[in-house]
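Nothing in this text is a laboratory measurement; each read-out follows from the coordinates by a stated rule. This is a predicted model, so every value here is computed, not measured. Neighbour counts run over all protein chains shown; Cβ positions are idealised from the backbone, glycine included.
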Amino acid sequence: MDIIDTKLVKINPNNIDYEILSEAASIIKNGGTVIFPTETVYGLGANALDEDACDKIYKAKGRPSDNPLIVHIISMDELNKLVREIPENAEIMADKFWPGPLTMIFDKKDIISYKITAGLETVAVRMPENKIARELIRLSGCPIAAPSANTSGKPSPTSAQHVIEDMLGRVDMIIDGGSCDIGLESSVVDITGDIPTILRPGKVTKEDIERLFGKCDTDPAIIKSDEKIVPKSPGQKYRHYSPKAELILYKGSLKKTVNSIKKDCKEYIRKAKKVGIIASEQTRSFYDNLNDEVVIKVVGDRKNPLTIATNLFDVLRSFDSSNVNVILSESFDDKGIGGAIMNRLGKAASKKIELGKLKVLFVCTGNTCRSPMAEGIMKDIARQKGWDIEISSAGISAIDGDNPSQNAVLVLNKMGIDISKHKSRLINEKMLEEADLIITMTNQHKEILLRRYNNLEGKITSFNIQDPYGRSHNVYQSCSEEIRGEILKISDSLMI
Ligand code: AMP
Ligand code: MG
């Protein structure tokens, strides 16, 4: 494509310079292209009612012509002119979420060209909240078609710097309006059927919509990674958001994730690869003693997932300039906006590693008193706290198939925990290998295991619980309390 002389301007969203914004609006009116900020990501805009102008969007992005654009409006009157019908559900959604990070799919009127909808009979419409975006639409006097302002396939731009990297010389104007608040593209929702269906997850979540209607579906293509299911939102079929380096996404327990990332990182370094790691505030320090060459980026705070959303694309892009060969990324809780974060990370990843649940193994001598009690107590705590982990126990000198001691059963019974069906197990290499965390009842047990078996360093720890074997009910009682206390003490380090 020919190089365009791109005009770069800056507008303060809290004190809009209307002279500059009017110039942007006249570019739109005259069939040109303007990149502007929105609360989600930067958009590459053109007059939605001008086919040739919309053509320029596809060209600038290198976007496949079968991936439709979103039309941006500022009033419900405008919506009426573009769509055949506004279903009741859409009115309710608009009332609640517009202006904001929500795009809805409607049956289109003829005024909307098939260029915008990529041949579909439906059109995607959004009413943005960002003041610059709204004023630009108002001054232009037309709806503005605008996909994300990135080169197709790259992470969407959340700052003017990202836009400049991709789009200088490809559009008429770039408006720098600061960083985008949300940082992920809008939720795309189909409201043409009886039940709203999420076609692309975003800040407006399934839970938010369920609160309005009781029901909300998600396009199966988003949930399953089966490539045979065709997504209803054409953009979802593409690999997306990709940094130059291969991105590997680790899924499963966080403790396992950190351990696997560290192990794999060392392996890549051995093969002379430069490694990047996507960590969180909660996990950053675990990677401290890796090689200095490793580029570690904290994407945000797990307790405040919006920080992760806001920074994600910036972090993905930043790896391009640090020239890493491979990026190893943690996963995030997929509730709320986490669903959108995991959707984008999933699309950016070229490989996913499923690590499964955390496996904890308690070890004592005979596996009839302390370790079965620990197993029972931790299972009870896990059930109450909703931890999805596997817990088992074994003994260093156990006889396979012995019953637990009577006092152990009685004491736990009083706590509402039934270990009467437990059968003792003699420890073996496989059990130790499969465990992510081995907790022995005393330091002696730990030393014996370290002497007899290899590769236990880093995953073995010990409590300090003396053997109650053959002692009174009261001794078992205080033993069980000690065990509970010790388990609660380590629970933070389990990173569940
Ligand atoms: P972007 O503006 O780059 O975030 O991309 C627009 C998104 O909206 C893409 O994922 C499209 O697939 C989706 N979209 C646009 N129009 C429609 C439509 N008529 N039906 C379903 N999805 C659409
Ligand atoms: Mg996009």
task: Determine, from the Cβ-Cβ distance of residue 92 and residue 19 and an R0 of 41 Å, the FRET efficiency 1/(1 + (r/R0)^6), rounded to the nearest 0.05.
output: 0.55
message: How large is the Kirkwood hydrodynamic radius of the stretch 251-377, counting all unique pairs of alpha carbons, in Å?
response: 16.2 Å
- prompt: Arranged by the count of other C-beta atoms within 10 angstrom, fewest first, what order do 315, 34 take?
  reply: 315, 34
message: Net charge around residue 100, counting only other residues with Cβ within less than 12 Å of its Cβ (Lys, Arg = +1; Asp, Glu = -1)?
response: -1
task: Please work out the C-alpha center-to-center distance from the stretch 235-295 to the stretch 345-390 and express it in whole Å.
output: 23 Å
- request: Would you order 127, 342 from fewest to most other beta-carbon atoms within 10 Å of each residue's own beta-carbon?
  value: 342, 127
- request: Calculate the length of the line joining the C-alpha centroid of the stretch 139-211 to that of the stretch 424-488, in whole Å.
  value: 53 Å
task: Please name whichever of 306, 338, 477 sits farthest to the positive end of the charge dipole of the chain, dipole taken about the Cα centre and charges placed at Cβ: Lys and Arg +1, Asp and Glu -1.
output: 477
- prompt: Label-point separation (nm) for residue 237 and residue 207, each offset 7 Å from Cα along Cα-to-Cβ?
  reply: 3.3 nm
- line: For the stretch 374-450, listing trypsin sites (Lys or Arg not before Pro) in a DSSP loop whose Cβ sees at most 15 other Cβ atoms within 10 Å gives 421, 423
field: Length gained when the stretch residue 107-residue 7 is fully extended (0.36 nm per residue, less Cα-Cα span)
entry: 32.4 nm
query: When the dipole is taken about the Cα centre of the chain, and only Lys, Arg (+1) and Asp, Glu (-1) are charged at their Cβ, what size is it in debye, to the nearest 20?
result: 1560 debye
query: Where q = 0.16, 0.18 Å⁻¹, what log10 of I(q)/I(0) comes from the Debye formula for the stretch 134-194, counting one point per Cα?
result: -0.66, -0.81
message: Run the helix sum for the chain: -39,500 (n - 2.57) per DSSP H stretch of 4+ residues, divided by residue count, reported at 222 nm to the nearest 500 deg cm²/dmol.
response: -10500 deg cm²/dmol
statement: Per residue, the convex hull enclosing the Cα atoms of the stretch 258-313 spans a volume in Å³ of 75 Å³
- prompt: Across 10 Å bins from 0, what is the distribution of all Cα-Cα pair distances for the chain, in whole percents?
  reply: 4, 17, 23, 19, 14, 11, 8, 4, 1, 0
query: Can you give the FRET efficiency for residue 478 and residue 291, using 1/(1 + (r/R0)^6), R0 = 60 Å, r = Cβ-Cβ distance, to the nearest 0.05?
result: 0.80
message: What is the angle, in °, between the Cα long axis of helix 443-452 and the longest principal axis of the Cα atoms in the chain? Nearest 10 is fine, range 0 to 90.
response: 80 degrees
- request: Among 450, 412, rank each residue by its count of other Cβ atoms within 10 Å, from fewest to most, as a rough exposure measure.
  value: 450, 412
message: How would the stretch 358-435 be classified by its alpha-carbon gyration tensor: rounded, prolate or oblate, with rounded meaning a/c under 1.5 and the a/b versus b/c comparison settling the rest?
response: oblate
query: What list of whole percents do you get for P(r) of the stretch 94-219, with Cα-Cα distances grouped in 5 Å bins up to the one holding the largest distance?
result: 2, 9, 17, 20, 21, 17, 10, 3, 1, 0
Spatially proximal lysines relative to residue 274 (Cα-Cα < 20 Å; intrachain offsets below 8 disregarded): 244, 262, 263, 266, 297, 351, 352
Linear extension gain, residue 281 paired with residue 443, 0.36 nm per residue minus alpha-carbon span: 55.1 nm
